[in-house]
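Encoded as structure tokens, the structure appears first; notes follow it.
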Amino acid sequence: MSVYVYAVETLMPTGTIEVNGTVKDMVLVEDRLVVATDMGHIEIYDASTKQKLKEIAIPNIKDFMGDLLPARVLSADLLHGKYLLLSDSGKGGYSNLFVYDKTLKQILSAEDKKAIIKARFIDDKHILLGYLSNEVALLDIVHKKELYRVQLSESKFSDFALSEDKSQVVFSCESGVLSVVDVQSGNILKVLKGQNVDNVYRVDFKHGMISGAGQDQRGALYDAKNGKGDYIKGSFLIYSTALSPSAKNVAFSMDEKNNISIYNRISKAKIALLKGQKSTLNVILFQDEHRLFSGSDDSTIMIWDLQTK
């Protein structure tokens, strides 16, 4: 582990977006920011103008007392005008899965008994699923059938991130070990370990590089092809991470104040500190090499512009 220290620019958010609910997940697809909340809906914004374009709601669920309440939307996605919404069902820890294409269509319900934590489109007919049990599955939407389901480890699932072309995916879990998987077959291509020794809350995957946000206060960095890695030490649990589109820079939430630290990935030099986050970070997204969005356990999405040279 080696970290170079240079002058660090401290930056405040240049804008915010207020949503109705706590931000659970976000994706950025072709200038569309899709936000999943715990209030039973997703909100879609123009990432450049911050204008709200659409809101898609799913049915309320019943709690253990039989009272109706909004479902938590755990993850969301967008592909070719179609929206994907994964939520809790309120029954036995199982999940509901919906696709919205002009109308809302339910793909999976509690009756299917699937404890899914994260879902992403692969193409118009397939969805990648991440199970609580740290299993990866590829779902055929048309036939509602899993083409495969592979157990990656005995540890509890934390997160997954797809490569840009969606041919590979990296899974993280509570053990600190990362699994790189071939999306079409479910075959494990590489097991990455040594940089984290505890739960890896979040991962990102850009240009063949992987970053991992660790409970062990380590921001891990791996080359997915050769498996070589390193880490940057933080001062608190690291809840979130993101790589810039070129993977030149990496973001980690490195301290107890929920500040976001930006590093040059190669030199490990800290180049910016983003201050102003109000609560625990759930997701960080790079729009380009200089602009970021962050969402946390509150209703405020923050926008950041890096003024680095």
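Read-outs: derived from the displayed coordinates by stated rules, not from any lab. Predicted model only: the values in this text are computed from it and were never measured. For neighbour counting, all protein chains shown are included, and Cβ atoms are generated from backbone atoms with ideal geometry for every residue, glycine included.
Taken along the Cα-to-beta-carbon direction at a fixed 7 Å, the label points for Asp63 and Glu9 span 4.6 nm.
Given axes a ≥ b ≥ c from the Cα gyration tensor, I'd like to know whether the stretch 6-104 is rounded (a/c under 1.5), prolate (a/b larger than b/c) or oblate.
Prolate is the answer for the stretch 6-104, as a/c is 1.5 or above and a/b outweighs b/c.
In this rough spin-label picture, where each label sits 7 Å from Cα along the Cβ direction, the Asp46-Lys278 distance is 2.6 nm. Taking the average, over residues, of other Cβ atoms within 10 Å as the packing measure, peptides 60-71, 186-197, 117-128, 253-264 rank 253-264, 117-128, 186-197, 60-71 from highest down. Would the stretch 5-305 count as rounded, prolate or oblate if I go by the C-alpha gyration tensor, calling it rounded below 1.5 in a/c and otherwise prolate when a/b exceeds b/c, oblate otherwise? Judged from the Cα gyration tensor, the stretch 5-305 comes out oblate (a/c at least 1.5, b/c at or above a/b). With contacts taken as Cα pairs under 8 Å and at least 6 residues apart, the chain reaches a relative contact order of 15 percent. Taking a straight Cα-Cα cut-off under 25 Å and skipping sequence neighbours fewer than 8 places away in the same chain, the lysines within cross-link reach of Lys193 are Lys118, Lys156, Lys166, Lys206, Lys225, Lys228, Lys233, Lys248, Lys268, Lys270.
Taking 0.36 nm per residue of separation and subtracting the current Cα-Cα distance, fully stretching the chain between Glu154 and Leu104 would add 14.5 nm. By definition, a body whose alpha carbon gyration tensor gives a ≥ b ≥ c is prolate when a/c is 1.5 or more and a/b is larger than b/c, and the stretch 76-120 fits this prolate description.
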